[in-house]
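Below: one structure, written as structure tokens.
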Amino acid sequence: MIVKKWLTLLKNSFGAKLNLIFSIVICLFIFFSLYNQSLLNKFSTEHSRNIYLYDNILELKENLIQGDIALSEYFRSGNRTSLASFNHYSDQTRKILSDLSDHVETDEQIYLLRSIDNSFATYYNECSNASFLYNTREGYDYIDKMYYAQSINAYLLRYGDDLLHLVLEESIDSNNKLVQQQSLLTFWNYIIIISLILFFFSCITYINVNITKPLNILKTKATEISNGNLNVAVPVNTPETTIGVLSETFNKMIKNIREMMESIQENVKTEKKLLEEQRKNIEFQSLLNQATFLALQTQTNPHFLFNTLNSISRTITLEKYEQALLMIDSLAALLRYSLTDAEVAVTLEEELTITQEYLNIQNHRFSDRIHSKIVCDDDLAKRIVLPRFTLQPLVENAIIHGLEPKEEGGKVKIVVRKKGNFAVIDIIDSGLGIPKKLLKELQNKTFELTSKNIGIKNTQQRIILFTKNEHAFIIKSKEKMGTLVRITLPLKEATNV
């Protein structure tokens with residue numbers, strides 16, 4: 001019964017016919033759009049997979065070549081670094097073979113990759129046997145093993161070329177299929193476009209007669225209402241049409257006070273939604289501050305590591321090997337410290353210990369030019385908590401930019417004292433000081449980040465976020481006299497961290 005009424009409506013209503021045609025065309029357009037997107041995604045996936053396989057096969061061949069070179073160099077010179085390089089390239093080769101086994105699809109590729117895997121296992125065993133014989137110094141038996149391993153390596157490289165050829169062939173076949181499907185889709189897209197053009201031309205006349213003119217009447221009456229005239233009515237000639245229904249609704253709306261009440265209720269709902277959005281924004285800002293705190297904390301470590309390794313490199317260049325070893329030990333302690341959970345605050349006792357390790361590195365480097373001192377009560381150090389790597393960047397900045405440029409060197413001192421319910425940490429140096437312009441920018445927090453102030457900027461922002469106090473970090477300086485950085489932290493029991 002419902003279907004019969006719907007068909008009758010189609011026979012009597014041109015607008016309903018247009019709606020049906022429009023719906024069909026839109027459905028076809030959506031279908032072909034989704035199909036086109038599906039082809040594009042398929043092409044992208046296939047292309048990415050083939051590129052991935054291609055790059056990994058090339059990397060596999062490179063590792064085989066480099067591993068063979070490293071092993072030959074080991075047999076030539078006896079340098080165990082070359083043997084370590086061979087083992088490294090072998091590990092990388094195993095990893096690549098494992099990754100490739102998860103991505104190859106055709107039987108030929110699977111069988112060929114399996115052959116490479118088995119051959120590589122044999123190759124590695126022969127290399128290991130040759131290395132063992134070479135180390136035992138029992139004649140030249142290792143040479144036969146080495147030559148046999150190299151012949152296997154040559155087969156592995158040819159296998160790699162064959163696998164690369166299979167991947168390229170599969171890529172070409174896949175692309176050809178996708179191009180054919182794309183051509184067919186393009187043909188149907190043209191059909192849809194032509195159908196839409198014909199449909200739109202058919203709609204123009206109908207819309208102009210049955211929609212545009214009645215809407216112009218509604219526009220005129222609406223203009224009168226906006227001018228204050230509520231005694232208007234829109235003529236309804238065809239109440240069964242959409243425009244007729246709209247006209248009747250328009251007439252009822254003028255007289256219906258209830259619409260105003262509904263509008264007020266909508267405004268109330270809107271205000272409630274705005275308040276809810278504001279609450280969410282506040283919570284989001286709090287989470288953003290926390291994320292910013294963690295990001296700043298992790299940003300400091302690479303900067304410090306670069307400067308420390310640079311110092312060790314210079315020490316080795318000067319052939320001070322014993323000092324370099326001591327510096328490496330201190331660096332190892334610093335790295336162990338940095339690898340712990342960055343989100344957990346530490347006690348001042350731990351921070352001073354790791355800062356002393358950094359000072360040990362600099363004392364080895366600068367000898368008598370730089371003197372350091374830490375003044376802090378042990379019990380007080382255990383009651384202060386602060387972000388990890390707070391003091392070391394400040395001490396580093398004082399030494400690198402304040403004391404190192406001075407020919408006579410200078411002093412850097414850390415003094416910790418209790419002041420009421422707070423602890424005051426002063427980092428004092430007798431360096432070159434900070435130029436007035438830069439000092440003003442530092443104090444106003446308006447300076448731009450550079451390699452010379454990254455430690456100060458990160459530490460300043462982390463302390464402010466950690467304490468939620470804009471005045472917890474203070475810096476004072478005079479050119480050619482030195483710099484004072486003061487950090488104020490609340491006292492807490494270390495067990496409460």
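So the values come out like this:
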quantity: Among 268-277, 421-430, the order from most to least packed when residues are scored by Cβ within 10 Å on average; calculated: 421-430, 268-277
quantity: Separation in nanometres of the label points that stand 7 Å from Cα toward Cβ, at residue 157 and residue 329; calculated: 4.7
quantity: Additional length obtainable on full extension of the chain from residue 408 to residue 164, 0.36 nm per residue less Cα span; calculated: 81.5 nm
quantity: Trypsin sites (Lys or Arg not before Pro) restricted to DSSP loop in the stretch 80-138 with at most 10 other C-beta within 10 Å; calculated: 137
quantity: The stretch 27-117: Cα Rg divided by the 2.2 N^0.38 Å rule of thumb; calculated: 1.65
quantity: Residues residue 175 and residue 220, FRET efficiency given R0 of 45 Å [Cβ-Cβ distance, rounded to 0.05]; calculated: 0.15
quantity: Over 31 Å between alpha carbons, listed pairs 406/437; 418/440; 418/480; 273/492; 457/492; 413/468; calculated: 273/492
quantity: Extended-chain gain in nm, criterion 0.36 nm per residue less alpha-carbon gap, residue 147 and residue 72; calculated: 26.0 nm
quantity: Gain upon complete extension [residue 313, residue 369; 0.36 nm per residue less C-alpha separation]; calculated: 18.3 nm
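Read the figures in this text as sums done on the coordinates, not as results from a lab. What you are looking at is a predicted structure, and each value in this text was computed from that prediction instead of being measured. Quick reminder, even Gly has a Cβ in these numbers, built from the backbone with ideal geometry, and neighbours come from all protein chains shown.
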